[in-house]
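Engineer: Pasting a structure here, questions to come.
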């Protein structure tokens, strides 16, 4: 086994999976999904569809939701998902980070996958952090500093056996769509919306970023939205 890819069912992780399959072949890649009490658990079934599309085996891991007890993350509780851009959300944020940030989620995922990767004799752990995620410190566990530090810690903690890579870290969302198009990612199987419903809302921050990314590439997103979208603008 060469690489373990954190696969959420979203565009970023799907592009990471495609890139690793293109690099190593499907039989050398393992997809890893996580359940942690997130609202958008429906995305998980799409992750399995993506893995099947690329002929990659997938396993599921869990984070005990009690680790987030007391968190006010809107992805974990009954607060409504805001229908605003990330820029607007960050302006209103007292903490300076997005209200959908799940405390140290990526750190917890990477730590668990490090143990699995070592057991599987894999060389790489891959996660889909990209430039728009850490812009304005919206999600601090996607920043280059976090990525580099976690990669170093995991490499040291596995005696140099495992390296974390984030192949999208210098790309914005439009760049992710462009790369995914080149790699024939089935974007129709991906879901981004934080509402977690079958049809994406088209109004939450992550939907807005996704729509903008497709428009920037002069493409029409193949998934359905609850609102009408003019793809010519």
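Engineer: Which value results when the Cα radius of gyration for region 1-67 is divided by 2.2 N^0.38 Å? Intermediate values should be presented prior to the final figure.
Structural biologist: Values: Rg = 11.8 Å, N = 67, 2.2 N^0.38 = 10.9 Å.
Rg over 2.2 N^0.38 Å, computed on Cα atoms: 1.08.
Engineer: Once you place label points 7 Å from the Cα toward the Cβ at residue 199 and residue 149, how far apart are they in nm?
Structural biologist: 4.4 nm
Engineer: With a cut-off of 8 Å between alpha carbons and a minimum separation of six or more residues, what is the relative contact order of region 107-182 in percent? Numbers along the way, then the final one.
Structural biologist: Numbers: 90 pairs, mean separation 27.8, N = 76.
Averaging sequence separation for qualifying contacts and normalising by length gives 37 percent for region 107-182.
Engineer: Per DSSP helix of 4 or more residues, -39500 (n - 2.57); summed, then divided by the residues of the chain. What does that give at 222 nm, rounded to the nearest 500? Please report the intermediate quantities before stating the final value.
Structural biologist: Working: 8 runs with 87 residues, N = 233.
-11500 deg cm²/dmol, from helical runs alone.
Engineer: Relative to the present Cα-Cα distance, how much length would full extension add between residue 104 and residue 119 at 0.36 nm per residue of separation? Don't skip to the answer; put the middle values down first.
Structural biologist: Working: separation 15, 0.36 × 15 = 5.40 nm, distance 2.33 nm.
Full extension of this stretch gives 3.1 nm more.
Engineer: Taking square-rooted eigenvalues a ≥ b ≥ c of the alpha carbon gyration tensor, is region 9-124 rounded, prolate or oblate, where a/c under 1.5 means rounded and, failing that, a/b exceeding b/c means prolate? Before the final figure, lay out each step's value.
Structural biologist: Values: a/c = 2.21, a/b = 1.77, b/c = 1.25.
Note, shape of region 9-124 comes out prolate.
Engineer: Sort 44, 83, 130 by Cβ crowding within 10 Å, fewest neighbours at the top. Before the final figure, lay out the partial values.
Structural biologist: Values: 44 18, 83 15, 130 22.
The fewest-first ordering by Cβ neighbours comes to 83, 44, 130.
Engineer: How high is the relative contact order of region 140-233, given as a whole-number percent (alpha carbon pairs under 8 Å, six or more residues apart)?
Structural biologist: Values: 84 pairs, mean separation 19.9, N = 94.
So the answer I get is 21 percent.
Engineer: Let me ask you something else. Work out how much length residue 52 to residue 23 would gain on full extension: take 0.36 nm times their residue separation and subtract the Cα-Cα distance, in nm to one decimal.
Structural biologist: Details: separation 29, 0.36 × 29 = 10.44 nm, distance 1.75 nm.
Residue separation times 0.36 nm, minus the Cα-Cα distance, leaves 8.7 nm.
Engineer: Please report the relative contact order for the chain, taking Cα pairs under 8 Å with a sequence separation of at least 6, and give it as a percent rounded to a whole number. Each step should come with its number before you reach the end.
Structural biologist: On the way: 426 pairs, mean separation 56.2, N = 233.
It rounds to 24 percent for the chain.
Engineer: If each of residue 72 and residue 181 carries a label point 7 Å out from its Cα toward its Cβ, how far apart are those two points in nm?
Structural biologist: 4.0 nm
Engineer: Going highest first, how would you order 117-127, 49-59, 217-227 by mean Cβ packing within 10 Å?
Structural biologist: On the way: 117-127: 19.6, 49-59: 18.0, 217-227: 14.3.
Descending packing order for the listed peptides: 117-127, 49-59, 217-227.
Engineer: In the set [x] 126; [y] 212; [z] 113, which value of volume of the Cα convex hull per residue in Å³ was calculated from the structure you see?
Structural biologist: The value computed from this structure is option [z].
Engineer: If you average the C-alpha positions of region 198-233 and of region 105-183 separately, how far apart do those two centres end up, in angstrom?
Structural biologist: Their Cα centres are 26 Å away from one another.
Engineer: Label residue 227 and residue 85 with points 7 Å out from Cα along Cα→Cβ: what is the distance between them in nm?
Structural biologist: 1.3 nm
Computed from the coordinates by the stated procedures, all read-outs in this text should not be read as laboratory data. Not measured: the values here are computed from a predicted model. Note: ideal-geometry Cβ built from the backbone for every residue, glycine included; neighbour counts use all protein chains shown.
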